[in-house]
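To start, the structure itself, in structure tokens.
The values are calculated or read from the model by the stated rules, or taken from the named source; none is laboratory data. Everything numeric here is computed off the predicted structure, so don't read it as measured data. So basically every Cβ, Gly included, is an ideal-geometry build from the backbone, and we count neighbours across all protein chains shown.
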Amino acid sequence: MQPSRQRRVWPWVAGLIIVLLALFAAYTWVVLNWSYSSGERAGYVQKFSKKGWLCKTWEGELAMVNMPGTLSEKFYFTVPDGAVAAKINKSLGKRVSLTYDQHIGVPSTCFADTEYFVKDVRVVE
């Protein structure tokens with residue numbers, strides 16, 4: 001390539017990279033702030049820990065028992081808020097109801113291991 005042609009190509013390449021990064025950032029923002037669905041699940045928190053090499057996230061497992069004597073179904077979830085994580089830690093061993101939002105298409109496990117983000121917890125008597 002000629003030197004003058006190289007000088008004309010680099011601004012286009014840099015512009016394309018900036019546009020792609022902006023699109024990725026916009027996609028990530030939409031996925032993390034727009035909920036696909038929301039609901040509640042009740043059961044007993046079996047596992048709850050802070051995981052990750054670089055990005056630490058609270059990850060948990062809720063055992064949902066429909067009827068006594070049946071196998072439990074597991075609900076895997078992520079807690080992005082430290083205050084909610086503290087409430088879950090205080091309620092370990094008790095039956096709880098988790099309020100969650102589902103975020104489909106989260107681009108990295110740095111934000112969460114699951115698509116279910118718990119936003120509140122309450123103890124069920």
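I'm trying to understand the selection: among the residues of the stretch 102-118, which are part of a strand (DSSP E or B) and either surrounded by fewer than 17 Cβ atoms within 10 Å (Cβ to Cβ) or outside the structural domain of Q46 (by TED's automatic domain parsing) (or both)?
Correct list: Q102 only.
Looking at the stretch 88-115, which of its residues are closer than 15 Å to Q46 by Cα and in contact (Cβ under 8 Å) with a residue 12 or more places away in the chain?
If the condition is that a residue be closer than 15 Å to Q46 by Cα and in contact (Cβ under 8 Å) with a residue 12 or more places away in the chain, then I88, N89, S91, L92, G93, K94, R95, V96, S97, L98 are the ones that fit.
Go through (1) modelled with pLDDT of 95 or more; (2) in a strand (DSSP E or B); (3) among the hydrophobic types (A, V, I, L, M, F, W, C); (4) over 18 Å from L32 (Cβ atoms) for F77 and report which single condition fails.
Every condition holds for F77 apart from (4).
Residue by residue through the stretch 87-101, note down the ones that are in a strand (DSSP E or B) and not β-branched (V, I, T).
Listed by number, the residues that qualify are R95, S97, L98, Y100, D101.
Just to be sure before I move on: is A63 assigned to a loop (DSSP other than H, G, I, E, B) and in contact with a strand residue (DSSP E or B) (Cβ under 8 Å, 6 or more places away or on another chain) in the structure I sent?
Considered against the rule, which asks whether it is assigned to a loop (DSSP other than H, G, I, E, B) and in contact with a strand residue (DSSP E or B) (Cβ under 8 Å, 6 or more places away or on another chain), A63 comes out as no.
Restricting to the stretch 9-49, name every residue that is assigned to a strand (DSSP E or B) and either over 19 Å from the mean Cα position of the chain (by Cα) or in contact (Cβ under 8 Å) with a residue 12 or more places away in the chain (or both).
If the condition is that a residue be assigned to a strand (DSSP E or B) and either over 19 Å from the mean Cα position of the chain (by Cα) or in contact (Cβ under 8 Å) with a residue 12 or more places away in the chain (or both), then S37, S38, G39, E40, R41, A42, G43, Y44, V45, Q46, K47, F48 are the ones that fit.
Tell me the residue from T70, T28, T57, T99 that is of a type in the set (V, I, T) and not assigned by TED's automatic domain parsing to the domain that holds Y116, please.
T28
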